[in-house]
Amino acid sequence: MRRLVVKVLKNETILVVASVLALVSCFIVPPDREYAGYIHASTISQLICLMIVVCGFQRIGVFRIIGSRLLEHVGSLRGLVVTLVALTYFSAMLITNDVALVTFVPFAVAVLLMADMGERTVLVVTLMTIGANVGSMLTPIGNAHNLYLKALTGMPAGEMMGIMAPYSVCAVVLLLIVIYFAFPKLPVSELNNLETGVLAPERSKHQPDEIRITGYGAGYGGWRTVVYALLFVVCLLAVSDFIPLWVMCVVVVATFLFTDRRVFRYVDWGLPLTFCMFFIFIGNMKRVPEFYQLAQSLVSGHPLEVAVVSSQVISNVPTTLLLSGFCDQWRPLIIGTNLGGMGTLIASMASLISYKNVVRQYPDRKGRYLGVYTAVNVLFLIVLVGLSWIIE
């Protein structure tokens, strides 16, 4: 029992904190009929359906296979790093920063070992993590808090992308500058047969989902890839308000019951539950006049800066959920919570994925990774916040 409690506290820290806050708030504002209006159902349904579809893609190995095919055409260290960072940057726009890092960071660690470049893992993974975070900020479906803010404000996708485009593009320029000076144009070891060397283990070893589901030599996931791509389009149509949310939910759930029902076991259910707990806490505290006035006065003056600073301590998703309850200045809030994903290791919880993967492979590099990650992230944060002061 003790091990289970420790495991839950370690893996779902934010969910536990959110649950405690929600429970305490229930004693301040006893449950009543108004509780039914706390939960933002459209956000939760969109989030869950997108998570299910992306998890389905992960389980048939589409993203890693595409990555391996791209890397087979790379001939230099600089080209290798640019490709790895580009994979997380562009994929995060569609499959979220969390999934991009879960998919490509272990892949990158293995590829760097194959290329005899293991000593460069710390900086490469740091840049990949930044790439995922600044790529995800560009689209409404790139991360959970953007999806929530779009649903909450009803802002058109194009408008939200227009707000974040200057920052995302500026970050790309910074990434390319860092890569140019940090990585020489050295030739790398042969990267052919990555698909079998990195993705497909020996038949006697544990088989990843994509091989168990589709079999060896299934190309890009077989017929499931087409089906899941169509489901992804359905999700995009629902997020853009072209089709009702209930249609999306029915189509996605029904399809996976027939194609891969085990996918429901691998979805990170802690994230939507965390949202629900914060919704309850915020809904209750908004009904306490003294707390509401205090929170509103703290946030209303400088929402962008408050969001950035708060994200460094409690991460940008909880920051978004908390501040959105006491602020209606959506543009600075969108910018602040997205830029706030850079800085400390916990500013974006997705960044912990990268840290855990590096430390698992190189236990002696914990301090080095934290130092490099923090230094590079703070540099990017300073530049992008400075840009916000110029153009906002």
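We did not get these values from a lab; they are worked out from the coordinates using the rules stated. Computed from a prediction, not measured in an experiment: that's the story for all the values here. Quick reminder, even Gly has a Cβ in these numbers, built from the backbone with ideal geometry, and neighbours come from all protein chains shown.
Below are the figures for this structure:
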read-out	value
Pairs of lysines in the chain (C-alpha under 21 Å apart; 8 or more residues apart or interchain)	6
For peptides 126-139, 90-103, 324-337, 146-159, sequence by mean Cβ density within 10 Å, most packed first	126-139, 90-103, 324-337, 146-159
Ratio Rg/Rh [Cα only; Rh per Kirkwood] for the range 55-178	1.01
Cβ crowding within 10 Å averaged over residues, with 279-289, 341-351 ranked highest first	341-351, 279-289
Cα coordinate range in the range 247-392, projected on the principal axes (Å, largest first)	51, 46, 28
Per-peptide average of other Cβ atoms within 10 Å, ordering 296-308, 257-269 highest first	296-308, 257-269
Tail weight of P(r) past 14 Å, computed on alpha-carbon pairs of the range 33-106, percent	67
Mean projected area (nm²) of the alpha-carbon convex hull when the chain is viewed from all directions	20.6
